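A short write-up of the structure that comes next.
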Amino acid sequence: MAVLNFAHRQITAKIVYFGPKGAGCNTNVRRLWETLEGTPGLSRGRLHRFGAAEAPEHTWFFDLKPDGEVGDEVSGFSVRYRIYSMPGGVDDPTHRQEVMRHVDAIVLVADSRPDANAPNEDAMLELEELVGAQGLDLAKLPVVLQVNHLDHANARGADDVTFALNPFGFPVIQAVAREGEGVRETFDTIAELARARLADNIAGRDGAVQLMALHDDADPSDDELVRSHASRLVDAPTPDPQTQTSNKGPSTPAPADAVEVPFQPREFAGSYPVRVVNAAIDDGQVFVDVELERMGGGEVRQLRVKLANRPTDAPAAPRAPAFSVVTEDPPSVMGVTDHLPDKVDFHTPPPPADLPPVVYGLVGVVGGAVAGVLLGFLLFV
């Protein structure tokens, strides 16, 4: 993953020389370091070697950075290269994964000697696996295929060597690395490819090279970088010998099915996992300790993820119902309307008793006579 540092207006790209044991990865890096001495516009760091003390082979590394304002540029950013070797003689899978982590460009060093066909193909297969484990497509990465040891008496031709190794049409360069032939040409070609891919990404075009933006004035030295590599190798969990395999294949068997489980809490938003520190099983639960880095840089944080041992599609635990369900007959719990009677009789009061009709007639005659007397008295008196 290339680092885009706005504070220094600089892009740092990681180039790895990868190949089978004896192909010449270490020789390329050492000879390149010697060749670059005094190159205008570039300042090389010290040549470092790191890895387990008892290992038969180690990784070589040096830092190549712009000297002042001169040097390669991409979209106004100067380009810094961190150059590694990853020879097949390093058997530790953790070491191999650490070197290949966040790779931006690759030189695949192939051996042209007659007995190296199978190791070359194994290295190509492993390279695809290591790159694929990071979500990258080898066909989209900047890659140069170098055919080395062409000075051997029985060396095969470059076309023969690359026939099974170059389905993607990578540039091919012929070399005799121990003599320095093709070493600088190989680097110049891979550096040009890396810069072109970085320019595509900055311009918004798709590319395999990933960019991480920083606004940090800190500029770690190459010594500090090597120490960080060594500390991660020391702190890495010891692989299980029953599941560990050679570097010709994956270090652990691939699972039959993959289940995606969201695990990141809100306070870790904007961070992404970079390394599994430890994994353990305790009381039927899986614990995974993960290191996360913040987008844009910052301090590495650790998160422990706990995976409960139950299917992801298991039904949720039943909750208590919001009301009581009565199944007895008759019900033993009073319902909302149980206190009301089954039937309500409404009684209309009887009308009052009526008088005989003769009474109503007598009252009418008397009333009429009284009214006539009163009226005569008013008119004639």
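The values are calculated or read from the model by the stated rules, or taken from the named source; none is laboratory data. Because the structure is predicted, anything quoted here is derived from the model rather than measured. For neighbour counting, all protein chains shown are included, and Cβ atoms are generated from backbone atoms with ideal geometry for every residue, glycine included. Heads up: the accessible areas ignore ligands, DNA and RNA and are worked out on the full protein's heavy atoms, side chains in. Shrake-Rupley method; radii C 1.70, N 1.55, O 1.52, S 1.80 Å.
Full extension of the chain segment joining Arg178 with Glu73 gains 34.8 nm, where the gain is 0.36 nm per residue of separation less the Cα-Cα distance.
Summary value for segment 1-153: 30 percent relative contact order, contacts being C-alpha pairs under 8 angstrom separated by 6+ residues. How much net charge surrounds Arg184 when only the other residues with a Cβ under 11 Å from the Cβ of Arg184 are counted, with Lys and Arg +1 and Asp and Glu -1? Once all neighbours under 11 Å are counted, the net charge is -3. What shape does segment 100-193 have by the C-alpha gyration tensor, where a ≥ b ≥ c are the square roots of the eigenvalues, rounded means a/c under 1.5, and otherwise prolate means a/b greater than b/c and oblate the rest? It comes out oblate by the Cα gyration axes. Put simply, the amide H of Leu47, placed in the peptide plane, has no neighbours under 5 Å, leaving out anything fewer than 5 places away on its chain. For segment 1-70, what % of the accessible area comes from carbon and sulfur atoms, probe 1.4 Å? The value for segment 1-70 is 48 percent carbon and sulfur by accessible area.
Computed on the Cα atoms alone, the convex hull of segment 1-62 gives a volume of 116 cubic angstrom per residue.
To the nearest 10, the accessible area of His149 is 40 Å² with a 1.4 Å probe.
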